[in-house]
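One structure is given below, encoded as structure tokens.
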Amino acid sequence: MIVLTSVAVLVALSVSFTGRYTLDVVDAGSQPQLAYGLYHHKGDWLSVHPVSYDATEPRIVKTDSAGGLTIPAAVHLHLPFPVQTPPKLWIEMVYVPRLHNAYGRVAGGDAISTAGTWEMDRSGSRAVVFDLSDSPERWQGTLANLSFFIGHLVSAPALRRDGSATAPLIELIGHFRGEYNAFLARHGDTRRPRPPMPAGLNDDERRRWNEMVDQDLTERPTWGMEIRRRFETELKSLAGVEAGMKR
């Protein structure tokens, strides 16, 4: 009886469940939006310093016709608590193509909200998303987020085991290319502003920072030049990956 009880306790401490989660994605006029969500589940190891572990591999989900982004429920096996804590849902990026906005994030159940960019209600189940195309600084942030997370997805083992997982990734690469071209068409000739100097620098650090910024803006004075430098080679490489996944 003691053995059975011990086994039951061990199982209870090693199995956990995350429920189904739905996020309604709308624009500033409350119209539902097509969106993509990149998510996984992760927990923590018992450690003096924070160390996380991935309980699931990254996946992409897409909104339904009503703008609902649904993450399915999941059962997780892990080392007994407290060696490993039960995993939580992490939505690393929510991307809304029509609004050029990839700033959405839900971190371990906590919705990240930024006024005028991505505003979550208190329940964490509804996001109001804003069009960022008027701001080259924020739009290039969307390109950077897409670049970073697409890179992770391309190397994810799940894509090699599950062919159905490639379809949304192919769509995401297509949107990335579309964002790049649309940015160049809209802001390619726009001059880049001088960035604000970081606080707390001494005189020598300020001098070197100014020299670095002067050189950077002299070499690439427009947003088009900067965006090509950052993403052109990557998009050419992704074209080959995309073609391979379509075979």
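The values are calculated or read from the model by the stated rules, or taken from the named source; none is laboratory data. This one's a predicted model, so the numbers in the text were calculated from it and none came from an experiment. Here the Cβ positions follow ideal geometry from the backbone for every residue, glycine too, while neighbour counts run over all protein chains shown.
Numerical summary
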item	result
Of all residues making up the stretch 30-56, the number that are part of a loop (DSSP other than H, G, I, E, B) and more than 21 Å from A111 (Cα to Cα)	5
Residues satisfying the stated conditions in the stretch 85-115, i.e. over 18 Å from the mean Cα position of the chain (by Cα) and surrounded by 22 or more Cβ atoms within 10 Å (Cβ to Cβ)	P87
Matching residues, the stretch 194-231, being under 21 Å from N145 (Cα atoms) and touching a residue at least 24 places away in the same chain (Cβ under 8 Å)	T222, W223, G224, E226, I227, R228, R230, F231
Within the stretch 57-80, considering residues that are among the polar types (S, T, N, Q) and in a loop (DSSP other than H, G, I, E, B), the one modelled with the highest pLDDT	T63
Within the stretch 32-66, considering residues that are more than 11 Å from P87 (Cβ to Cβ) and without any contact (Cβ under 8 Å) to a residue 12 or more places away in the chain, the one surrounded by the most Cβ atoms within 10 Å (Cβ to Cβ)	D64
Test for G141: is it in contact with a strand residue (DSSP E or B) (Cβ under 9 Å, 6 or more places away or on another chain) and over 25 Å from I71 (Cβ atoms)	no
Yes/no for R98 being under 28 Å from I173 (Cβ atoms) and either among the aliphatic types (A, V, I, L, M) or not assigned by TED's automatic domain parsing to the domain that holds I227 (or both)	yes
